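The values are calculated or read from the model by the stated rules, or taken from the named source; none is laboratory data. Everything quoted here is computed from the prediction, not taken from an experiment. Methodologically, a virtual Cβ is constructed for each residue, glycine included, from the backbone with ideal geometry; neighbour enumeration extends over all protein chains shown.
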């Protein structure tokens, strides 16, 4: 199978369940019935070497299934599937015990970039499976907003394969990871491209231990290698109606210790909520920037244009400051800033699906030795 064919398979299926599950339902059990089809894509235009990126997934969520006092969530994305079962202890959803399993292809691969150039000889694919158990506690009556605390223990196995262009590069050996994660959330934001309500404070910390991990890198020169890594992240966001205008704002930050390109936060692209450790930054390639630590602010002004098809305009502004990892060497290269701006249009299709088409300009994105990157994105969401 050619590299481009594989790229388009990933375009349709990759980033999958974490895109839907990660930002909206971790740290609390979602008991709302949902049946959702989501497709997103983002690519560079004019000057750029971006590898095709995108995802598509079907999300099914039901309360009191498969039995009373339980909740079931299923996500299917062609080459990846995930299932999570929650049990309400004593029939009370405030205390929830649960387990989940998932597995599929391409999730843990790396498409590295340096100064806007794709390092194709350092690209590799990563496939993974995982199993997890968790306990979630909702603290009732302590605040006007719901407060959720969650602890999750996950065991995952990852295997790696060369891409068709991988050359003179020692890819990671297959390894197993144990992760202990703690999450704290006040409030919540309703999932969906066009949701209009919610405010949320979110804190997350995780400790990760790899077994069987060995250094990897190009031309016999290995990157800094760590079997143990720790991350701390926080975010504050909301969807705030202001007359007929909706203001969507988010501030995110993360600190890492012993971070490599597998565990780094990834910033860039027009897609929304790719996974829990990737963030939107308009005008840059999807997941172009690798960060050991970062601060990011996102702003979206959504305003009505016409009542027909609920036509809506969007103005975007992003600003990131990050301690960047050099994809070519694996070393940190200090703190750098990356602002981005953009615009988009949202509308409803004849069959009631929500669509957003957006453009982003990366002010400090390097393309062909000059600054200025152009990225277009498309998002489709249909609830049944």
(message) Of all residues being part of a strand (DSSP E or B) and touching a helix residue (DSSP H, G or I) at 6+ places or on another chain (Cβ under 8 Å) in region 96-119, which is nearest to residue 35 (Cα to Cα)? Just the residue, please.
(response) 102
(request) Select from region 145-191 the residues that are on the phi > 0 side of the Ramachandran plot and surrounded by fewer than 15 Cβ atoms within 10 Å (Cβ to Cβ) and list them in ascending order. (result) 168
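Restricting attention to region 201-227, which residues are assigned to a strand (DSSP E or B) and at positive phi?
Result: 217, single match.
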(request) Determine whether residue 272 is touching a residue at least 60 places away in the same chain (Cβ under 8 Å), closer than 27 Å to residue 351 by Cβ, in contact with a strand residue (DSSP E or B) (Cβ under 7 Å, 6 or more places away or on another chain) and buried (at least 18 other Cβ atoms within 10 Å of the Cβ). (result) yes
(message) Suppose we filter region 237-254 for residues that are surrounded by fewer than 18 Cβ atoms within 10 Å (Cβ to Cβ), over 16 Å from the mean Cα position of the chain (by Cα) and in a strand (DSSP E or B); how many remain?
(response) 7
(request) Please enumerate the residues belonging to region 74-95 that are touching a helix residue (DSSP H, G or I) at 6+ places or on another chain (Cβ under 7 Å), crowded, with 16+ Cβ neighbours inside 10 Å and in a strand (DSSP E or B). (result) 75, 80, 82
(request) Scan region 29-83 for residues that are without any contact (Cβ under 8 Å) to a residue 60 or more places away in the chain and more than 27 Å from residue 183 (Cβ to Cβ) and report the count. (result) 1
(request) Within region 256-268, identify whether any single residue is over 21 Å from residue 362 (Cα atoms), in a strand (DSSP E or B) and either touching a strand residue (DSSP E or B) at 6+ places or on another chain (Cβ under 9 Å) or touching a residue at least 12 places away in the same chain (Cβ under 8 Å) (or both), and answer yes or no. (result) yes
(request) State which residue is modelled with the highest pLDDT when the search covers only region 1-51 and only residues that are within 19 Å of residue 104 (Cα to Cα) and part of a loop (DSSP other than H, G, I, E, B). (result) 1
(message) When you check residue 278 against the structure, is it more than 12 Å from the chain's Cα centre (by Cα) and under 23 Å from residue 80 (Cβ atoms), yes or no?
(response) no
(request) Kindly check whether there is at least one residue in region 167-177 that is touching a helix residue (DSSP H, G or I) at 6+ places or on another chain (Cβ under 8 Å) and either in contact (Cβ under 8 Å) with a residue 60 or more places away in the chain or outside any strand (DSSP E or B) (or both). (result) yes
(request) Give me a count of the residues in region 346-369 that are in a strand (DSSP E or B), surrounded by fewer than 16 Cβ atoms within 10 Å (Cβ to Cβ) and either touching a helix residue (DSSP H, G or I) at 6+ places or on another chain (Cβ under 8 Å) or modelled with pLDDT under 90 (or both). (result) 1
